[in-house]
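Peer 1: Below you'll find the structure I mean.
The values are calculated or read from the model by the stated rules, or taken from the named source; none is laboratory data. This structure is a prediction, so every number in the text was calculated from the model and none was measured. Heads up, the Cβs are rebuilt from the backbone with ideal geometry, glycines too, and the neighbour counts pull from every protein chain shown. The area values use the complete protein model at the heavy-atom level, side chains included, leaving out ligands, DNA and RNA. Shrake-Rupley method; radii C 1.70, N 1.55, O 1.52, S 1.80 Å.
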Amino acid sequence: MRLLYLARHGDAENGHLSARGRRQAELLAARLADVPLSTVTHSPLPRAAETAAALPVPAVASEIVGDYPPYLPAHTPATFTPLVEGWTPDELRDGPKFAQEALSRFAVPAPEETHELVVTHSFLVAWFVRAALGAPEDRWMGLNNCNAALTVIRYTDERPPTLMLFNDMSHLPADLRWTGFPPHLRL
């Protein structure tokens with residue numbers, strides 16, 4: 001069995017954790033303190049690396065859990081056009097390849113009970129959730145994740161993936177929740 005913990009990085013400014021993001025990372029680390037994490041993998045971007053650094057477990061960077069669009073339909077709906085603005089042609093080309101590599105590496109059962117954390121970005125958390133639910137590839141675009149929120153997916157040989165938690169912010173006080181969402185979507 002593999003329990004895969006997915007966390008979006010903390011709130012960031014100019015690519016690095018803000019003061020709020022550092023506090024979110026500390027609270028995320030406290031939330032995971034009793035989890036027997038075997039590995040922590042993070043995006044190479046500073047905001048994810050700084051979030052992972054708050055954990056007492058050594059972490060390694062991996063490009064496959066970086067920030068990129070994991071899939072884009074041939075005709076992206078106009079409402080999702082902002083998702084692709086600002087990405088380079090290389091990032092748009094490589095994103096689906098990295099997303100598939102991430103699923104191949106993490107979204108499978110392990111030979112023994114394993115608890116792994118991936119500190120990544122909203123798009124990739126949504127991609128893992130979409131895959132776990134067997135949803136069409138473009139459904140990642142309708143899933144948003146808050147900064148430092150926790151998602152947990154269980155992978156076993158006996159059953160399909162089990163989404164145990166999604167976008168859980170119970171470890172964050174009210175003033176640190178809902179960051180990373182557009183203001184009009186904050187609840």
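Peer 1: Which residue pairs have Cβ atoms closer than 6 Å, lie 6 or more positions apart in sequence or on different chains, and pair a first residue in region 90-111 that is open to solvent by less than 60 Å² (accessible area, probe 1.4 Å) with a second residue that is acidic (Asp, Glu)?
Peer 2: Matching pairs, first to second residue: PRO109/ASP157.
Peer 1: Next question, about the same structure. Of ARG139, ARG159, ARG177, which residue is closer than 26 Å to ARG20 by Cβ and among the basic types (Lys, Arg)?
Peer 2: The unique qualifying residue is ARG177.
Peer 1: Right, here's the next one. Kindly evaluate ALA54 against the criterion of being in contact (Cβ under 8 Å) with a residue 24 or more places away in the chain, in contact with a strand residue (DSSP E or B) (Cβ under 8 Å, 6 or more places away or on another chain) and closer than 24 Å to PRO173 by Cβ.
Peer 2: Values: in contact (Cβ under 8 Å) with a residue 24 or more places away in the chain: yes; in contact with a strand residue (DSSP E or B) (Cβ under 8 Å, 6 or more places away or on another chain): no; closer than 24 Å to PRO173 by Cβ: yes.
When the stated conditions are applied, ALA54 does not pass them.
Peer 1: While we're here: If you scan region 6-18, which residues turn out to be touching a strand residue (DSSP E or B) at 6+ places or on another chain (Cβ under 9 Å) and either without any contact (Cβ under 8 Å) to a residue 60 or more places away in the chain or surrounded by fewer than 22 Cβ atoms within 10 Å (Cβ to Cβ) (or both)?
Peer 2: Hit for region 6-18 is SER18, nothing else.
Residue by residue, here is whether (1) over 25 Å from PRO58 (Cα atoms); (2) modelled with pLDDT of 95 or more holds:
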residue	(1), (2)
THR79	yes, no
TRP87	yes, no
GLU116	no, yes
GLY134	yes, yes
LEU143	yes, no
VAL152	no, yes
PHE166	no, yes
THR179	yes, no
ARG186	yes, no
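Peer 1: List the number of the failed condition for ALA48; all other conditions in (1) under 13 Å from the mean Cα position of the chain (by Cα); (2) open to solvent by 20 Å² or more (accessible area, probe 1.4 Å) hold.
Peer 2: (2)
Peer 1: Among the residues of region 133-154, write down those that are touching a Pro at 6+ places or on another chain (Cβ under 9 Å), open to solvent by 10 Å² or more (accessible area, probe 1.4 Å) and not in a loop (DSSP other than H, G, I, E, B).
Peer 2: Matches in region 133-154: GLU137, ASP138, MET141, ARG154.
Peer 1: Let me ask something additional. Of ALA30, ALA74, which residue is surrounded by fewer than 15 Cβ atoms within 10 Å (Cβ to Cβ), modelled with pLDDT under 95 and either at negative phi or not basic (Lys, Arg) (or both)?
Peer 2: Criteria check complete, one pass: ALA74.
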